[in-house]
Every structure is written in structure tokens, then in C-alpha cells.
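In what follows, a structure is listed as C-alpha cells, so that the remarks can point back to it.
The values are calculated or read from the model by the stated rules, or taken from the named source; none is laboratory data. Just so we're clear, the structure is a prediction, and the values are computed from it rather than from any experiment. FYI the Cβ positions are ideal-geometry reconstructions off the backbone, even for glycines, and counts take in every protein chain you see.
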Amino acid sequence: ASKGRTTIVIAHRLSTIQNSDRICVVRRGHIVESGKHDELLARKGYYYRLAQAKK
């Protein structure tokens with residue numbers, strides 16, 4: 001369990017991180033978006049495009 005702890009996960013599979021409290025999307029060495037899975041999908045930004053490409 002990771003309650004009360006910070007865990008950094010680097011993943012290529014969105015299914016690995018979709019239940020995380022906070023997701024930071026890194027592109028070309030910079031954080032371009034951050035938030036929860038549903039929030040990032042709703043923004044229809046880079047994370048959304050990645051999710052669509054995986055379908």
C-alpha cells in the first residue's frame with residue numbers, strides 16, 4: 001500500500017497509471033499536463049491524444 005507515501009511511476013501503458021492520484025504528462029523533457037485520468041481526458045490535450053492512439 002502507498003498511503004502516506006509518494007511513488008513515482010514511469011509508464012508507457014496508460015492502464016498502469018490511470019488510477020493514480022496525479023498524472024504528469026512529460027513530452028520532450030517538460031511536464032505539459034497534469035491531473036487525474038478523467039480530468040486529462042476531458043481537456044482533450046496531449047494525454048487524450050495518447051489515450052486515443054492506444055485504442
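Close contacts from region 3-20, counting a first residue that is more than 16 Å from Tyr46 (Cα to Cα) and a second that is among the aromatic types (Phe, Trp, Tyr) and modelled with pLDDT under 90, with Cβ to Cβ under 9 Å and a gap of 6+ residues or different chains, come to none at all.
Can Arg13 be described as more than 11 Å from the chain's Cα centre (by Cα) and loosely packed, with under 13 Cβ neighbours inside 10 Å? Answer is no for this residue. Among the residues making up region 23-49, those that are hydrophobic (A, V, I, L, M, F, W, C) and either more than 10 Å from the chain's Cα centre (by Cα) or in a loop (DSSP other than H, G, I, E, B) (or both) are Ile31, Val32, Ala42.
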